[in-house]
Amino acid sequence: MRRSFWPGVVVGALAAGLAGFLVAVLPATPTWALWEVKRAVDRNDVRALQEMVDVPAVAGRALNDLAGGGGGDGPGFDLKSAALSLLSGGKVLTVFNDPDKPLRLGAGDFVSAWWNMKREGDLSTVTLDAGGHRVSLVMRHEDGRWRIVGVTPIGALLRVKKPG
């Protein structure tokens, strides 16, 4: 039985078109930016992270959140107990350097983040599960790329380890 040449050409053209579309569009999405942040964290690539995170904007939002003005619905972070713990030899750990509860992100986390992403103009909010707490990364599209400008609630990423 002889098959026609044209159905193979059409299927091949559709596959090539889809692959080209994904290569052109996917790197311009906030989800791809999140993946790049994860890769930079995994590689301890500080220079790449500095390019992907607007540190002054994140710090400003974090201070507002920690001071109680963030209105986040996540876990609170008690600055008083953190300060007392630090003064007595304790540590403040993040989900990135906590050996007991390290942050693990898999493919399902990215699919969920992409599916639940909210976009408003040049801002995008991606929500992830970080150690059992919902954390939202606020990203802004500027100069043709996405940069993280906020993390809320910041308390979900922090844990006080008492001395001893």
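Sub-9 Å Cβ pairs linking a first residue in the range 47-67 that is modelled with pLDDT under 80 to a second residue that is part of a helix (DSSP H, G or I) and not hydrophobic (A, V, I, L, M, F, W, C), at least 6 apart or interchain, are ASP65/GLY155; LEU66/GLY155, ordered by first then second residue. Is it true that VAL92 is β-branched (Val, Ile, Thr), at pLDDT 80 or above, in a strand (DSSP E or B) and farther than 16 Å from TRP35 by Cβ? So VAL92 fails the test. Could you look through the range 113-148, keep only residues that are among the aromatic types (Phe, Trp, Tyr) and touching a residue at least 60 places away in the same chain (Cβ under 8 Å), and pick out the one that is nearest to ALA28 (Cα to Cα)? Per the criteria, the residue is TRP146. Remark: pairs (first residue in the range 149-160, closer than 13 Å to ARG134 by Cα and assigned to a helix (DSSP H, G or I); second residue at pLDDT below 75 and of a type in the set (Ser, Thr, Tyr); Cβ separation under 8 Å; 6+ apart in sequence or on different chains) = LEU157/THR94. Across the range 74-89, the qualifying residues are those that are assigned to a loop (DSSP other than H, G, I, E, B) and under 28 Å from ALA40 (Cβ atoms), and the one among them that is modelled with the highest pLDDT is PHE77.
The values are calculated or read from the model by the stated rules, or taken from the named source; none is laboratory data. These figures come from a predicted structure and were not determined experimentally. Positions of Cβ are generated from backbone atoms using ideal geometry, with glycine treated the same way; all protein chains shown enter the neighbour counts.
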